[in-house]
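Scroll down for the structure; my scribbles are underneath it.
Please treat every number below as a calculation from the coordinates, not as lab data. The shown structure was predicted, so the numbers you read here are calculated from the model rather than taken from an experiment. Every residue, glycine as well, gets a Cβ built from its backbone with ideal geometry; the counts of neighbours run over all protein chains shown.
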Amino acid sequence: MMRIHRGFTLLEVLIALAIVAIGLTAALRATGVGLEGTLEHRSHYLALWLAENVAAERTARRAWLDPGTLGREEELAGHRFMVREEITPTKSPRFRRLEIRVASVQEPERTLRHLVVFLVRPG
């Protein structure tokens with residue numbers, strides 16, 4: 001009587017393991033890319049909040065700033081940002097243009113958020 005052996009050969013098992021390894025590597029890479037995108041989105045969102053906070057504060061205080069450029073570091077939610085404010089006159093003496101740029105301290109040349117508001121002269 002002849003016995004029939006059922007099971008997998010060593011070659012079949014190795015091929016199956018290679019396929020699983022390739023799939024897991026692709027899944028890990030996709031997770032890493034997703035995490036990088038999430039962190040980038042968070043930085044842009046925090047920069048938006050910071051730019052809007054600066055604009056709201058200048059508007060609420062009715063600040064009348066002299067033309068020029070102001071720069072400083074700010075921290076929001078544990079992240080350090082560079083805030084650059086450029087104040088320029090307009091054709092109307094009652095208004096000034098305030099341009100706010102927010103960048104990461106690690107990459108100050110790459111603007112994360114750009115916001116323009118107009119300040120009204122008090123009185």
Can we say ALA27 is within 34 Å of the chain's Cα centre (by Cα) and of a type in the set (Gly, Ala, Ser)? yes
Qualifying positions in segment 76-100 - within 17 Å of HIS41 (Cα to Cα) and among the charged types (D, E, K, R): ARG80
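Does segment 66-123 hold any residues that are in contact (Cβ under 8 Å) with a residue 60 or more places away in the chain and under 10 Å from ALA51 (Cβ atoms), and which are they?
LEU112, ARG113, HIS114, LEU115, VAL117 - these are the residues of segment 66-123 that are in contact (Cβ under 8 Å) with a residue 60 or more places away in the chain and under 10 Å from ALA51 (Cβ atoms).
Condition first: of a type outside the set (Ser, Thr, Tyr) and in contact (Cβ under 8 Å) with a residue 60 or more places away in the chain. Now tell me which residues in segment 21-45 satisfy that.
HIS44
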Among the residues of segment 70-105, write down those that are surrounded by 11 or more Cβ atoms within 10 Å (Cβ to Cβ) and of a type in the set (S, T, N, Q). THR88, THR90, SER104
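Please pick out the residue among THR59, THR25 that is polar (S, T, N, Q), surrounded by 13 or more Cβ atoms within 10 Å (Cβ to Cβ) and assigned to a helix (DSSP H, G or I).
Within the list THR59, THR25, the selection yields THR59.
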Picking from VAL13, VAL33, VAL54, the residue that is assigned to a helix (DSSP H, G or I), of a type in the set (Val, Ile, Thr) and either closer than 23 Å to ARG121 by Cβ or touching a Cys at 6+ places or on another chain (Cβ under 9 Å) (or both) would be VAL54
Of those in segment 1-10 that are loosely packed, with under 10 Cβ neighbours inside 10 Å and not in a helix (DSSP H, G or I), the residue nearest to the chain's Cα centre (by Cα) is THR9
